[in-house]
1. Between residue 276 and residue 88, what FRET efficiency follows from the Cβ-Cβ distance if R0 is 41 Å, with the result rounded to 0.05?
2. Using modelled backbone amide H atoms (1.01 Å from N, in-plane), which distant-in-sequence or interchain residues come within less than 5 Å of residue 31's amide H?
3. Check which residues have an amide H placed less than 5 Å from residue 139's amide H, if you skip close sequence neighbours.
4. Working only with C-alpha atoms, what are the Rg and Dmax values of the chain, expressed in angstrom?
5. Across the range 73-88, in residue order, what do the Karplus-derived ³J(HN,Hα) couplings come to in whole Hz, using 6.51 cos²θ - 1.76 cosθ + 1.60 with θ = phi - 60° and x for Gly and Pro?
6. Per-residue HN-Hα couplings for the range 89-99, Karplus 6.51 cos²θ - 1.76 cosθ + 1.60 at θ = phi - 60°, whole Hz, x for Gly and Pro?
7. Could you order peptides 66-76, 20-30 by the average number of other Cβ atoms within 10 Å of their residues, highest first?
8. Give the peptides 241-249, 360-368 in descending order of average Cβ contacts within 10 Å, highest first.
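Values in this text are rule-based calculations from the coordinates and carry no lab data. Note that this is a predicted model, so its numbers are computed, not measured. Ideal geometry is used to build each Cβ from the backbone, glycine not excepted, and the neighbour counts take in all protein chains shown.
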Amino acid sequence: MRVAIVWFRRDLRLIDNPALDAAVRSGLPIVALYVHSPEEDGDWRAGAASNWWLHHSLVALDAQLRERGGRLLVRRGPALAAMLRVIAETGAAAVYWNRCYEPASIARDRAIQSQLQADGLTVESHNAALFVEPWQVTTQSGQPYRVFTPFWKNVIGRVTHALPSPAPRALRWSDATLPGEAIESLGLLPQFAWDRGLRATWTPGEQGALRRLRAFAAQATRYAQARDRPDQAGTSMLSPHLHFGEVSPRQVLAALQREAQGDPGWMDRVEPYLRELGWREFAHHLLYHFPATVEHNLNARFDHLAWAEPEAKLLRAWQRGRTGIPIVDAGMRQLWEIGWMHNRVRMIVASFLTKNLRYHWRHGARWFWDTLVDADLAANTLGWQWVAGTGADAAPYFRIFNPVLQGERFDPHGHYVRRYLPELARVPAARIHRPWTLAPAQQQEFGVCDVYARPLVDLARSREAALEAHARMRAGEPR
């Protein structure tokens, strides 16, 4: 019997899944396929935290399909070879998938589409991840955008009525008996139990995504006031669910609209959060048009900046949250514990690495890639180049976050720092972001350890060194 293959990738959901909807409309029995081929991601194979999430998201999707009488067929790559084997085993007539936008994925998908179409199959790819495709919006001169605000103005007018599709009411499955891999055999879970914090924080899968979306939508109007406070639950924490396609941006928009219940001012109230979705769109726009930016500065002038040669001790101290700067260390330990970091703190720790340590942003991007559950090549690249000052619409290089002032402003009572730095639990709020300013007797009284009595970096001097390096670059002096 001829069948339709739905190739699941980072669209691990049933609601608002255009490829699945297209397969249902074909009228053919369906084979739901996942191909595990991490080698096809090249230098950007998923890191340990992302693999943890992927395992649990695949398990959740398989359970959903089994509830509907089917299952997720898991095969190992390469993707084309695996696809051809399933086609031969089932007599498949059509293959449907939702697009990925990383350079390696685009090249692979084009090759697969060309081969399958040459073999006479119907092949369709769809947009399940973005409001608009990266090639659908351009400047008036037909060029890619490099500044966010005009990009978002172009996009937002197209999406306010972008409604998601419901999950298919009925799925007709192929009755072919097909051998597959057990999800557990893919080796995605850690070999030793470092994931306790992840398990306590997250519920991967479509149902977990929908629960988090409902909770956020109910209080989204206070996002503008709460989003910069890492000591409060003011952000959506939807980023890993969006990355793995357990929920779509259209679903997020629709949930916010439903919560507004006809309020004519709803757009203004949720616009600060919609802009965050806009930055996600902008990141994919940039990655599509400037794929080299995953490794290279978008602003080539920064190729001449005198980045410091990383010192292993300092780089590891930053990675492990042992720099002696409380807000930086709290952020890095949050990342290590739950695979995620508050966005305001991401900017602080990135500024510290690229400005105070003056290490190339690639060192930070690589560490985030391995430790974030929401590691997304487009967003990771945009975020690091934005803070470093080297990318599109970037913060100026001379804008150097003062982590002490940032901590005092956005974690005024020290709750966030105490949560992740228990060694500072007894330090009063007035000094918790600068414990080295306490008198030695007070440091002893409050149990301040050496690293917080003497931070590894002098913030004032390192700021001056960064500004001097920037001035030399602007003057065209050799590195």
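1. On the way: r = 45 Å, r/R0 = 1.09.
Rounded to the nearest 0.05, the efficiency is 0.35.
2. 4, 5, 6, 174
3. Under 5 Å from the amide H of residue 139 lie the amide H atoms of 145, each far enough along the sequence or on another chain.
4. 23.9, 81
5. 7, 10, 10, 9, x, x, 4, 5, 4, 5, 4, 5, 5, 5, 4, 5
6. 6, 10, x, 4, 10, 8, 10, 10, 8, 9, 6
7. Averaged packing, sorted descending, gives the order 20-30, 66-76.
8. Listed from highest to lowest mean packing, they are 241-249, 360-368.
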